[in-house]
Structures are given as structure tokens and as C-alpha cells.
Amino acid sequence: MQHIMDITHGYQWLTVIWWLMIGLFVVLYIILDGADLGSGIYSLFNSDSEERGAIMASMAGTWDANETWLVVAGGAIFGTFPLAYGSLFHYLMIPLMVVLWGIIVRAVSLEFHHYSKRSRKVWDWGFGIGSLATTFAAGVSLGAFLQGFSMSTGQVPTFNGGAMDFLTPFSLLTGVTAVIAASLAGGTYLRARFNRDTEIYAKALKWTDLMFYLALVAILVTVAWTFIQFPWARDKWIGPYWWAYVTAGAIVLYATWSMRKASREQRDITAMLWLACIVFINFATMMATLYPWFVPGTMTIFDAANPSNSLAAFSYAMLGFVPVMLSYNFYQAWVFRARLHKLVGYAH
Amino acid sequence: MILAEVGQPQFSTQITLYGAHRAIYHREKKMTDPTLMIDLARLDFAWITTMHILYPPLTIGLASFLLYSEWRWLKTDNDEWYRLTRFFEKLFIINFGAGVATGVTMEMSFGILFGPFSQAAGPFFGNILGYETITAFMYEAGFIGLMIFGWGKISKKMHIFATFNVAFSSMLSAMWILVANSWMQSPTGVHLEKGLFLVDDWTAAIFNPNFLTAFPHMAIASIEIGLFFVAGISAWMIYKNRHAQMFMRTLTASLMALVIVAPLQVYIGDELGRTVAEHDPAALAAMEGHWHTYNADGTPNTSWNLIAWPDEEKGTNTFQIGIPHVLSLLEDHKWVSTVKGLDQFKPEDRPPVLAPFYAFRIMVAAGGILMLVAFWALYLRYKGKFSAEELQRRPWFLRAIIFSAILPYIAIWTGWWTREIARQPWLVHGLMRTSEGVSQMSIAAEIIWFIGFVFFDLVVWIGAWYFFSKVVRTGPDMDEEIMYGVQDDGFGLVQIPRKDPPEGKPLIERPTV
């Protein structure tokens, strides 16, 4: 891939910035939609139809805004790292397909639930199963991504493996971990969203307790497995910057403890924020471990980057637009700052 | 290799560690027939695009109409315009939701189904889709939130500004998509270097020749579908005598706009045809089933085929009903001129003929019928018969309008099929073949993809139409209080007495089950 490197070489800093931006989009998506997906998983196990309806209503105005970040991440990857987009997405065909099916079912269920009467049960289940499928397949995709994939040796190297390459014990583990982590986020979200005297508030606490311990185990196993299996991670973690990783780990442990405490003391929004903080630090640590790989062991961010002339053009256009985007997003948030006290939802 | 530079050891062995099963798949793949794999990839992509294009044009057209009706409300202060706006807004929301649900798929499918194409064309094509996501999709999503939930929370002026931005951003989104797609039809402003399309001239690449006529054609198509959707539903309400006087407003507005829009679309369509004739003559020849450039006596073949049955093996039509001189009149606006036939192209560079030929004719027929329906409305209006009572005495007119709401969908489908199939065998015209741009996939995975998306996209489609009909059956809400600008009552942060100590200042009040 040397030749592509030649073209991008002078613009490395732009490449790195875009890589960080995409990381930010992805982690925003995980934090925001993780809670929605997790409450969907919760609804599969604990709820009657009425409660499922209430859970869906609680996210009526926000779920699609949260999903916007996934679309933005996808679009930005295509624009800035087309060489990764064209090979990584092909490699992840089957898990991404399941993610898309899950998203479609969930979107349709959320929209149509409000309009339906007789078919309401179908949309209840669609919401839960769609959430579960999306979360699991997204987790599998993340694990498969960390494993890397085989590339052809042509002029523009591309994925040349099989459709089932993504499926390994490790990717299944990350799939399960994602489901557990999302369930935890979902429980925390529901605690913050419903009145303290409701049944769901109490049930969500039990759920959160269980998921907390499961998540602890799942994440530790994933980290240990990563350490044993992937030299690129091991070398970073015991390399010259080992203290940074240890510090990050310590902060995560402190945040976990604080989240627990906040949850116990019914400071539910604080608990949500701590959880977001944990996800953010974990993701940032993963990014730091990955650098300079885009896909570990397969392509670096510089291999994957758009040749400079395009990347520069993209950046100029985007940098001009981002402030505009942020200011109206802020205005929107400001207008709706008081909205969530009652569920106007979509007109029906 | 770059790896050495950044000081990382290479883990090539690591990647293959995980399984002997990879080797098995590699062997399997070599045995599969590439033609079948390519055709299935095209089918997979064709299905998801076909099911996606049902929604965005209506979003664009209906957003413009909502802007108009809200403006009428502000201008006339007539409650009926408010009720109509809110009514059509409900239909808009269902349609938008279905568009997002099917659209997320689109964004990932380029990389999944056409990986090598995404890599090679990424420097231009990926950028343009990236622009679409950020400058149009996010922009639109933000203002749609304001438009839907903003009633009573923002001032009237701010609300119509939000509606304007929804209409504008959805059109902007269409523009970027058409830039990307047209560039595949006429790829200017780039050169191929080391397997990648690098951009030399952004202006030339964005404003490529095909874009200049294809975008207006699609933009007007979106307006036309929106107007016929509004007209069809209004006609239905008048036909059923429900709020007939009120729906005369939207019926008149939409049909009178169509008197201009429908013929304009026919004119722009002709312009696009001539653009295609100039930049991709093989595609035009396929659309017209035009095999022979010259007649047997050496004169240019100017015959336009009304119906034909092409035989691609022999390179001619098995039978045809042709009208002399029409082809040269259409493409060159001349009585006699030479129009390149498919015999000028090598068999491997010829597109399929049957599908573009008939899809194109169906589109043209649909466009023509829609124009005539609009003229019928104009005639009735000219005769002074354009009132609810008079129209209810002419049920066939109302039935024709209701039926016409389906035709723009058919025209958009057949138009896109024509465009995409007639570009074959090229993915990027003249530069990259479809076979070069397709991902090397297993047949089984492609079939699973197809079955899955047939199921899920049909669920979305049936659901959307089911809820459209439900909203139409329920009709506009005539009792709801009208939201004049900012409403104070009930929309502030209501203080509910709390048993527990508050945790700072909660932004979120808890809903009860």
C-alpha cells in the first residue's frame, strides 16, 4: 500500500484528525443509542405490553437523533477513509446486514407502535428483538474488526476472505459483551427516565444490579483475551506508555465505583453520566491502543485515508459547515430543553 | 511498506492464525461463477435502492408543499390551512421514517456489495456522499425535529423557517446524491492513478454534464410526486365528501401547480435524453432499441421504435414497429440525422436492451398521462367547474386524480431502472466495469441478503402504506387547538411535587407507566 501512502503523506495530521472525528462519532453513537438499545433488550425480559409502550414513548423524540450519529459515522468513513470503507464493510457483510435488519425492525416498530392497535404486540416484540439483534451484531462486528482481515495484494488491496471470516470465539464474546453492556446502559437510562414510585423503576434497579456484575466479568474477560491474543494491544499496554493505560484503567475503576454509588443513592442522571464517561474512556483507550492501525494488523489509518487532495477539500468544506451545524443543534436542544416532562411524541 | 515507518511489527501471521476455515472459503469462491455473483450483487443493490427511492422524492416534494401551505396559513390566517398543514405533516412523518429506515442500509451497502468500487471511486464519490450525510442529512434531521415538535414552542416565523430548511435541505440532499450518481454516468474532472480516481477539478466533477440535466429532472420529479400525492389524497377526501370544501384548497393548489410542473418535466426529460445521447450513446441506443446506425441502403436509420423485441445474441430486433424520422427528431431535433446504433459498440460494451427499452417507455407514458390529467384539471377550471359540488358530479375526474397518485412512483422506478441498466456494463462510464467494482462475495451470502431485505423492506413498505391509509381514514384533526406561535400553558417545565429530594436541576421529568 506504499503508493497510497505517497499520496497522503503530506497530510498526515489531517488524516489523524479525521480518524479522531470518526472515533468521536462512533463513541457518541454508542453512548446515545446504547441506552435505547439496552432498554429494548430490557423490555424483552421484563415488560408487559403497556410497559414496552412506555419505554418506546420515552425515546420517541430522541431515538432517531441518536441514530443520526451512526449515519454520520458511516458517511464520514466513506468520505475520509474510502479504502477502509470498501474493504472493512465487505468483510463485515453478514454482521452489518443483521445490524441493518435490526435497525429497520426497531425503527419501524418505534414509528408504527403509536399508530397501531391490533398489531401492537408485533411492534412490541419487533422493538425488543430488533434492539437485541442490532446490539449483538454490532458487538460481533467490533470483535471481528479487532481481529483484522486478509487483503489481496493488487494495486488497490481489498478484502479477499470469505463471508464467515468474521465468526470466531472472540467476536462472539464481544457480541455477548455488547449485549450486556447495552443492557446495563438501558437499565440506567430507564432509572433516570421513570418516576421513582413506578414498578419499572424498581425492576430496573434489579436488572442494573445483575447487569453490572455480568458486565464487569464480560469486560475483564474481553480485556484479558485481547491482551493474550493480540500482540498489537499487548505491546502497547506493556510498552513505554504503560502508565497511561494503567491510569486510564484506574479512572475507569473509579468511575465504575462512582456510578454504582450514584445508582444506589438514586442520583440516576449522575449514574448515566458516569456510565457515559466509562464508555468514552474505554473507547479512547481502544483508539490509543489501535494507533496507527485503522484495522489492526490489516491497514493503518494512513493506508486507509483518502488521497490528500480529496481529504483537504473535504475538510475545508466540513470545517465551514460544522459551526453552522453545531449552532442549530444547540438551538434545537435549547428549544426542547423542557420538552421531556411530558411525552408529546408523534401526533397520533 | 508503511509499517516499518511507524515502528510497528507486522502481524501477517496473526491474521491467518484464526482458522483453517478461511482457506476453505477461498477455495469455494474460486469455483463460483463470476457472472452469477455480479448479477446477484446488482440484484441485491437494485432491490434496496428500488425500495428506498419510494420515500425520499415524496419527502422532498411534500416538504415544499408543507412550506407552501404553512405560508398560506400565515398569509390568510385561515384555520383550514393550519389543519391541512398538520394533516399532511402526519403523512410526511411516516414517509420520512420509512425513508430513514431504508436509507441507513444504502449508506453501508456501497462498501459491502461494491467494495472495490467504493475504494477506487472513494476520493470523489465517497466525499460527495459524506457531504450529503453531513450538510444535508444532519441538517434535515435537525430541522425536522423542530418542525414536528416545535408547534407551540417556537414562534410562527421560526416554525416556517424550520419548514423552509427541511424543504431546502432535502433538496440539497437530492443534489448531492445526483452529483454522485451523474458522475458515474459522465465521469469528468478525475483521472485514474494507481487504481484510484483522483480529482483534478472539483467543479468539473461536481457539475458534470449529466448532472446538469439529471438533477433538474429528479428535482422536478420529486415536486411532481409530492403534488400528485397531495392531489390524490385531496381528491379522495372530496370523492368521499369529507371536508370537501377544505380539501378543495389543496386540490386546486396542487393541480394548478402541476399544469406548469408536469409539462416542464416532459421538457427536461427530453433534455436529459439528449444529454445521454451525447455522452453515452450506447445507453440511448439501448433505451430506444436502436441497433442499426444505417439502413440497408446506406441512409441514416431514423426510425423510432414504438414496440420491439430485441435479440441481443443476433444484435437486432426480432420484430419492431418503427416510425421513421421520430428518432432523429427526438435526439437531434432534426428531420434526418445519424444516431449511433448498438452496432457501433463491441458486444461486450453493449448494455442490456429489453429492460431499458420498456422501462423507458413506461416512464414516458406515465409522464404523458400525468400531464394530460393536469390539463384536464385546467380545462375544468377554465370552464368554471372547479368546485367541490361540480367535481363530485364528475367522479371519473376524481378517480383519475386518485389513480394518478400512483403513476409518479411507477415513473420514478422505471426511470431509475432505465438509467442504471442502460449504463451497464459500466459502473463508472468508460472507466470501470461493474465486474471490476463488485465485491467478491459468496453466492449464499448474496442470496441471504436478498431474501432478508425483500422481507424487511416489504415490512416497511406495507407498514408505511397501512399507516398512510389509517391517517387518511382518520382525516384531519378539526378539534385540536391551533398553535399560534409560542404557547405558555402546559409547555413550560411543570413542577410536579416530588417525594424524593431532587438531584440538582433535573432536565428530565419521569413519565409514569
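Where a number appears in this text, it was derived from the coordinates with a stated rule and is not lab data. For clarity, every value in this text was computed on a predicted model and none was experimentally measured. FYI the Cβ positions are ideal-geometry reconstructions off the backbone, even for glycines, and counts take in every protein chain you see.
Applying 1/(1 + (r/R0)^6) with r as the Cβ-Cβ distance of B:T76 and B:A365 and R0 = 56 angstrom yields a FRET efficiency of 0.90. The HN-Hα couplings worked out from phi for segment A:91-96 by the Karplus form 6.51 cos²θ - 1.76 cosθ + 1.60 (θ = phi - 60°) are 4, 8, 3, 5, x, 5 Hz, whole numbers, x standing for Gly and Pro. Between the amide H of A:T158 and those of A:S152, distances stay under 5 Å, these residues lying 5 or more places away or on another chain, with hydrogens modeled in the peptide plane.
How large is the translational diffusion coefficient of segment A:1-150 in µm² per second when you combine the Kirkwood radius over alpha carbon pairs with Stokes-Einstein at 25 °C and 0.890 mPa s?
Numbers: Rh = 16.9 Å.
Estimated diffusion coefficient is 146 µm²/s.
For segment B:275-348, GluC sites (Glu not before Pro) meeting the loop criterion (DSSP other than H, G, I, E, B) and having at most 13 other Cβ atoms within 10 Å: B:E313.
The charge dipole of segment A:1-154, taken about the Cα centre with unit charges on the Cβ atoms of Lys, Arg (+1) and Asp, Glu (-1), comes to about 300 debye, rounded to the nearest 20.
Net length available on complete extension from A:V221 to A:I17 is 70.3 nm, with 0.36 nm assigned per residue and the Cα-Cα distance removed.
Would segment B:324-377 count as rounded, prolate or oblate if I go by the C-alpha gyration tensor, calling it rounded below 1.5 in a/c and otherwise prolate when a/b exceeds b/c, oblate otherwise? Because a/c hits 1.5 or more and a/b fails to exceed b/c, segment B:324-377 counts as oblate.
Relative to the Cα centre, what is the charge dipole magnitude of the protein assembly as shown, using +1 at the beta carbon of each Lys and Arg, -1 at the beta carbon of each Asp and Glu, and rounding to the nearest 20 debye? Could the numbers behind the result be given before it?
Working: 59 positive and 64 negative charges, 440 e Å.
The dipole magnitude comes to about 2120 debye.
For segment B:58-64, backbone phi angles converted through the Karplus equation (6.51, -1.76, 1.60; θ = phi - 60°) give residue-by-residue couplings of 5, 4, 5, x, 5, 4, 5 Hz, Gly and Pro being listed as x. Peptide B:146-154 has a mean shielding of 4, counted as Cβ atoms of other protein chains within 10 Å of each residue's Cβ. Here each label is just a point 7 Å from Cα along the line to Cβ, and for B:L264 and B:L329 those points are 2.6 nm apart.
Roughly how crowded by other chains is peptide B:186-198, in terms of the mean Cβ count from those chains within 10 Å of each of its Cβ atoms?
3
Count the net charge of all other residues whose Cβ sits under 12 Å from the Cβ of A:D33, scoring Lys and Arg as +1 and Asp and Glu as -1. Result for the neighbourhood of A:D33: -2. Label-to-label distance for B:I448 and B:F375 is 5.5 nm, based on points extended 7 Å past Cα in the beta-carbon direction.
Using helices alone, what [θ] at 222 nm do you get for chain B, with -39,500 (n - 2.57) per DSSP H run of 4 or more residues, divided over all residues and rounded to the nearest 500?
It comes out at -21500 deg cm²/dmol, rounded to the nearest 500.
Counting Cβ atoms of other protein chains within 10 Å of each residue's Cβ and taking the mean over peptide A:109-118 gives 4. Amide H to amide H distances under 5 Å link B:D311 with B:T316, B:N317, B:T318, where only residues 5 or more positions off or on other chains count and H is placed in the peptide plane.
Taking a ≥ b ≥ c as the square roots of the Cα gyration tensor eigenvalues, with a/c under 1.5 meaning rounded and otherwise prolate when a/b beats b/c, else oblate, which class fits chain B? Provide the component values of the computation, followed by the final result.
Values: a/c = 2.17, a/b = 1.19, b/c = 1.83.
Cα axes put chain B in the oblate bin.
Database remark: amide H of B:F114 closer than 5 angstrom to the amide H of B:S439 (H placed geometrically; neighbours at sequence offset of 5 or more, or on other chains; Pro and chain starts carry no H).
Could you list the residues of segment A:140-178 with an amide nitrogen less than 13 Å from a label point located 7 Å from the Cα of B:L192 in the Cα-to-C-beta direction? Inside the label zone: A:155-156. Of the Cα atoms belonging to the protein assembly as shown, the radius of gyration and Dmax stand at 28.5, 97 Å. The phi torsions of segment A:266-272, fed into the Karplus equation with coefficients 6.51, -1.76 and 1.60 and a -60° offset, translate into couplings of 6, 8, 6, 5, 4, 4, 4 Hz, rounded to whole numbers, with Gly and Pro shown as x. Of the trypsin sites (Lys or Arg not before Pro) found in segment A:179-279, those that fall in a DSSP loop while having at most 16 other beta-carbon atoms within 10 Å are A:R196. The residues neighbouring B:L84, those whose beta-carbon lies less than 9 Å from its own, together hold a net charge of +3 under the Lys/Arg +1, Asp/Glu -1 convention. The modelled label-to-label distance for the pair B:R394/A:Y213, using points 7 Å beyond Cα in the direction of Cβ, is 7.7 nm.
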